[in-house]
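S.K.: Okay, handing you the structure first.
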Amino acid sequence: MIALPRGFEEKMRGLLGADYENYVKCFDEPRHFGLRVNTSKISVQDFQKIAPWPLEPVEWISNGFYYDGTKASPAKHPYYHAGLYYLQEPSAMTPANRLPVEEGERVLDLCAAPGGKATELGARLSGSGLLVANDISSSRAKGLLKNLELFGIGNVLVTSEEPGKLAMRFPEYFDKILIDAPCSGEGMFRKERRMIKAWEEHGPQFFSKLQRGIITQAAQMLRPGGMILYSTCTFDPMENERTVEYLLDRHPDFEICALEGYAGFSGGMPQFTESGNPDFNKTVRIFPQRMRGEGHYLALLKKGGNGRAEVDMVEGHRFRTGAKGQDLPEELASFLQGVSWHLEKRQIEIYDGHAYYMPKDLPDLKGLRFLRSGLLLGELKKNRFEPSQALAMCLKKEEYAHVLDFPLHDGRVIRYLKGETLDVEDMTSSKEKGWYLVCVDGYPLGFGKLGGQMLKNKYLPGWRWT
């Protein structure tokens, strides 16, 4: 029997009533393992056809699946290195899924590390618009950047800033904002028992102060008519309904919107707010004894007015285009001849020997801490250009002229991921040379440089199979 803090027990009895005993019993049940398909690289249907393990759908997430974590190891599979899926607890898939993101929008994930929600938001933008992914911790932001690159998301700005500083640079800039707020973690007690000790050190009162600051700063960055999805992995009304109520009291132009429902969802609890506003019934609690997932809270909020900026979208292109710019360095221009994208030259910037494809209409970033702006195309060296790992992951097989596509069970796939040089005599002629996109079953893994029917491995050292 798990030992829960007395104060937490009393609170949960008040929230759950007769259902409290069922909640306690669920601690003896095994945790649920989930993965979410990267729909910017592969359809759900196609992934089901090639999935190496049995999968069971997460009923309220169209691209979410359960897998047996005692038998399968999806983090040690080439498809993981191809960015075809993200490993994520099923309930944690819900916030990004329920924020109604549309292609071409400007989207902010304010507390984004390690990237589970940001990768889904980026996939749904399909290379259009802009995703700003922020985490105040620079070390966590590095992991966030890797996951975004692995997913092939190039229309991105990855920052590591306090929300207040971002609010000064991005006033009424975003169409949609996701706040997966730092919280006391009560919903994770079953999955991670260490969270119980952390709760005893910093409980709901500590976190509610942070959450109130974050949600009001986010409100300043949302354009009129835009939407915020506020979420936590805790049950406490102080961190949930009362934090949302704090925003509504100070910004009466916001309203609570209904979320797409599911049979296992529980409504919010207006009785624990000062106003008793019945609209809090539209917010959602996920209790682990009622669904196959850990605890969460979600509230969808809309800002009054209508100020959506016009977004330039070009049919048939994965990146937006504009007027022509100046000529590119010869080495870069030569490499890009093999890429079938329609890239706008004025959006290509070269800084400190690195070439980037920049999102349009970014504000001045001077003074902001950021890890990446746009898609890193590669590095310009003496008389040559070396394409980046990020570019490889952003490409599709048919979008690059020179490809080496290995079947999954070819031993060279793992050897490539380990950083080894490959003999590809059976796949190339002695005359062929240059940069090749290495794929597994048609899905890119990285680049290699061919010469003499040997492929020099250019897979990013920090990503290598261990």
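S.K.: Treat the count of other C-beta atoms within 10 Å as a stand-in for reagent exposure and order His32, His296, His402, His81 from fewest to most.
M.R.: His402, His32, His81, His296
S.K.: Another question about this same structure. Angle between the Cα long axis of helix 6-16 and the longest principal axis of the chain, 0 to 90 degrees, nearest 10?
M.R.: 90
S.K.: Next question. So if each residue of separation counts as 0.36 nm, and I subtract the Cα-Cα distance between Gln48 and Glu349, what length gain in nm does that give?
M.R.: Using 0.36 nm per residue and subtracting the Cα-Cα distance, I get 104.4 nm.
S.K.: With an 8 Å cut-off on Cα pairs and a minimum separation of 6 or more residues, tell me the relative contact order of region 396-466 in percent.
M.R.: For region 396-466, the relative contact order is 35 percent.
S.K.: What is the order of Met168, Met195, fewest Cβ neighbours within 10 Å to most?
M.R.: Final ranking by Cβ density, sparse to dense: Met168, Met195.
S.K.: A follow-up question, please. List residues of region 377-403, by number, whose backbone nitrogen lies under 18 Å from a label position 7 Å along Cα→C-beta of Ser429.
M.R.: Inside the label zone: 401-403.
S.K.: A further question follows. With N denoting the number of residues in region 396-466, provide Rg(C-alpha) divided by 2.2 N^0.38 Å, to two decimal places.
M.R.: Scaled against compact globular proteins, the figure is 1.00.
S.K.: Also: Run the dipole for region 52-121 about the Cα centre, Lys and Arg Cβ at +1, Asp and Glu Cβ at -1, nothing else charged, and hand back the magnitude in debye, nearest 20.
M.R.: With Lys and Arg at +1 and Asp and Glu at -1, about 240 debye.
S.K.: What length, rounded to one decimal in nm, is gained on full extension from Ser137 through to Lys456, with 0.36 nm per residue of separation minus their alpha-carbon distance?
M.R.: Contour length minus Cα-Cα distance gives 111.3 nm.
S.K.: I would also like to ask the following. Taking 22 Å as the cut-off for C-alpha to C-alpha distance, list the pairs among Lys25/Lys282; Lys146/Lys345; Lys146/Lys418; Lys191/Lys282; Lys397/Lys433 that go past it.
M.R.: Pairs exceeding 22 Å: Lys25/Lys282; Lys146/Lys345; Lys191/Lys282.
S.K.: Quote the charge dipole size of the chain about the Cα centre in Debye, to the nearest 20; the model charges only the Cβ of Lys and Arg (+1) and of Asp and Glu (-1).
M.R.: Dipole magnitude for the chain comes out near 920 debye.
S.K.: So, one more: When Thr234, Thr216 are ordered from fewest to most other Cβ atoms inside 10 Å of their Cβ, what list results?
M.R.: The order, fewest Cβ neighbours first, is Thr216, Thr234.
S.K.: Output the relative contact order of the chain, whole-number percent, from Cα pairs under 8 angstrom with separation of 6+ residues.
M.R.: 13
S.K.: Identify the residues of region 269-297 with backbone N under 19 Å of a label point that sits 7 angstrom from the Cα of Ala263 along the Cα-to-Cβ direction, or state none.
M.R.: 285-294
S.K.: Only four residue types carry charge here, +1 at the Cβ of Lys and Arg and -1 at the Cβ of Asp and Glu. Report the dipole size of region 4-60 about the Cα centre in Debye, rounded to the nearest 20.
M.R.: For this selection, approximately 280 debye.
S.K.: Answer with one residue from Ile42, Gly14, Gly83: the one whose Cα lies farthest towards the positive end of the charge dipole of the chain, charges on Cβ with Lys, Arg +1 and Asp, Glu -1.
M.R.: Gly83
S.K.: Hey, another quick one. When the label point is put 7 Å from the Cα of Glu29 along its Cα-to-beta-carbon vector, which residues of region 61-101 have a backbone N closer than 20 Å?
M.R.: So the set is 61-62, 64-71, 88-95.
S.K.: Here's another thing I want to ask about it. Can you compute the modelled spin-label distance between Lys197 and Lys418, with each label point 7 Å from Cα toward Cβ, in nm?
M.R.: So the two model labels end up 3.7 nm from each other.
S.K.: Something else about it: Please give the contour-minus-distance gain from His251 to Ser340: 0.36 nm per residue of separation, less the Cα-Cα distance, rounded to one decimal in nm.
M.R.: Result for the pair: 27.4 nm of gain on full extension.
S.K.: Could you work out the relative contact order of region 156-255? I mean the mean sequence separation of Cα pairs under 8 Å and 6+ apart, divided by the number of residues, in percent.
M.R.: After rounding, I find 38 percent.
S.K.: Continuing with this model, one more query. Which value, in Å to one decimal place, does the Kirkwood hydrodynamic radius take for the chain when every pair of different Cα atoms is included?
M.R.: After inverting the mean inverse Cα-Cα distance, the result is 23.6 Å.
S.K.: For Arg6 and Gln271, what does the FRET efficiency come to when R0 = 30 Å and r is the distance between their Cβ atoms, rounded to the nearest 0.05?
M.R.: Calculated value: 0.85.
Quick note: the coordinates plus some simple rules give every number you see, no bench work behind them. Every value quoted in this text rests on a predicted model; they were computed, and no experiment measured them. Note: ideal-geometry Cβ built from the backbone for every residue, glycine included; neighbour counts use all protein chains shown.
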